[in-house]
């Protein structure tokens with residue numbers, strides 16, 4: 001009965017369903033063999049690209065920048081900067097453009113803020129702070145990092161005896177074989193990855209006069225140590241020279257320049273070369289002797305033995321491509337620090353005004369980023385240490401110290417190539433309110449209140465001298481006629497009022 005029911009159900013199904021359909025059987029091996037494997041060509045190692053990435057590794061940032069690696073790169077970078085005029089000029093220019101002559105501390109317009117700004121400026125000059133900042137920027141470029149220890153220096157001619165003692169990077173190191181898990185290259189870290197101590201050597205390890213003493217060191221708390229470097233990889237704790245990609249280029253530039261000079265010098269020293277097609281005999285052998293010297297008189301005809309010819313030695317040095325090669329090498333070497341060619345080479349002969357300004361945009365943006373790191377890693381910490389000591393000498397209250405913690409740093413800007421256009425642009429921005437006098441003086445590394453006060457004093461002095469001269473001449477006092485005006489909306493509006501009065505007349 002069950003079988004009959006089953007047969008009845010089958011007969012009632014549609015023909016399409018009753019028909020036996022042949023479906024392909026899914027085979028895992030067959031499907032795998034027909035799969036399209038799409039991947040990066042650069043991820044494969046072939047005979048063509050094997051040498052390109054022969055030394056690729058998977059080391060961490062801390063292990064890749066091991067003391068041995070940093071020592072080799074650091075020494076080679078110092079050598080190139082010391083022996084290559086272009087490398088030395090690039091480093092000096094970068095330090096000068098980044099730091100400038102001075103850095104202005106801006107606290108506000110109150111009398112307390114103005115007094116504190118002047119006090120900090122006097123201390124910075126007494127401690128030679130800005131020269132040390134340029135040295136730190138130079139050391140960061142060449143060595144990859146720079147250290148400064150906040151110490152007390154009784155020799156500073158200032159009520160605040162704070163000083164910054166600069167240290168080279170090799171003076172911060174671990175004791176050989178005694179490095180612990182929480183310590184990396186002379187720096188101890190807490191559980192959150194914050195540095196808490198630095199092991200500083202008492203003397204430089206390269207000073208062989210005190211070799212045994214140079215091995216001794218002491219742990220310095222992180223609050224007294226300035227560590228200025230750029231972290232380009234997560235987990236990086238020590239810096240590597242910023243000139244690392246360009247070191248081989250600087251070396252090749254020196255070698256190529258020396259080869260060109262030597263080739264030209266050899267060609268100039270030798271007068272000519274004697275050649276012959278004769279078989280060697282006694283005369284030919286004597287003339288062919290490399291020790292034989294033949295003196296040739298100037299402005300005279302010289303006869304040569306039969307079968308001999310005299311040819312001038314040609315200087316086969318690439319004189320036409322030397323300048324091109326040097327330009328490309330300098331341009332590529334300076335690219336790693338975002339410096340344009342005309343600044344790196346000190347040559348703008350191939351530039352016009354537009355291309356010069358366009359190339360400077362990338363360079364200026366890199367300097368702005370670098371200045372932000374300097375403020376965070378160095379300047380803010382120096383100011384905090386100075387303020388903690390200055391509050392004692394100036395007898396400041398807790399409320400006054402709190403007000404002085406809000407501060408800004410103003411760096412000097414590079415001068416415009418066209419001062420007239422710059423002055424007209426500043427005047428227009430001051431008139432329409434898009435630029436304030438405080439910001440105008442800040443980009444020049446000066447305090448606007450002191451500059452305005454000085455300008456007013458000069459106006460008053462000029463007025464007094466003017467009337468004094470008129471009195472000596474027997475004339476009545478009169479307003480001083482001054483054609484020089486300071487950037488101010490009122491000063492710019494005066495000609496417009498004069499024009500309106502003339503139109504009314």
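The values are calculated or read from the model by the stated rules, or taken from the named source; none is laboratory data. Since this is a predicted model, take the numbers as computed values, not measurements. Reconstructed Cβ throughout: ideal geometry from the backbone, glycine too, with neighbour counts over all protein chains shown.
Of the residues 404, 435, which is surrounded by 12 or more Cβ atoms within 10 Å (Cβ to Cβ), touching a helix residue (DSSP H, G or I) at 6+ places or on another chain (Cβ under 6 Å), modelled with pLDDT of 70 or more and within 30 Å of residue 365 (Cβ to Cβ)?
Numbers: 404 fails: within 30 Å of residue 365 (Cβ to Cβ).
Result of the check over 404, 435: 435.
Taking the conditions (1) free of Cβ contacts under 8 Å to residues at least 40 places away in the same chain; (2) more than 16 Å from the chain's Cα centre (by Cα) in turn, residue 342 satisfies each one other than (2). Scanning region 143-173 for residues that are free of Cβ contacts under 8 Å to residues at least 60 places away in the same chain and not in a strand (DSSP E or B) yields a count of 8.
Quick grid of which residues meet (1) closer than 30 Å to residue 89 by Cα; (2) at pLDDT 95 or above; (3) in contact with a helix residue (DSSP H, G or I) (Cβ under 7 Å, 6 or more places away or on another chain):
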{"site": "138", "(1), (2), (3)": "yes, yes, yes"}
{"site": "155", "(1), (2), (3)": "no, no, no"}
{"site": "179", "(1), (2), (3)": "no, no, no"}
{"site": "185", "(1), (2), (3)": "no, no, yes"}
{"site": "194", "(1), (2), (3)": "no, no, no"}
{"site": "213", "(1), (2), (3)": "no, no, no"}
{"site": "232", "(1), (2), (3)": "yes, no, no"}
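Residues in region 379-399 that are surrounded by 12 or more Cβ atoms within 10 Å (Cβ to Cβ) and not in a helix (DSSP H, G or I): 394, 396.
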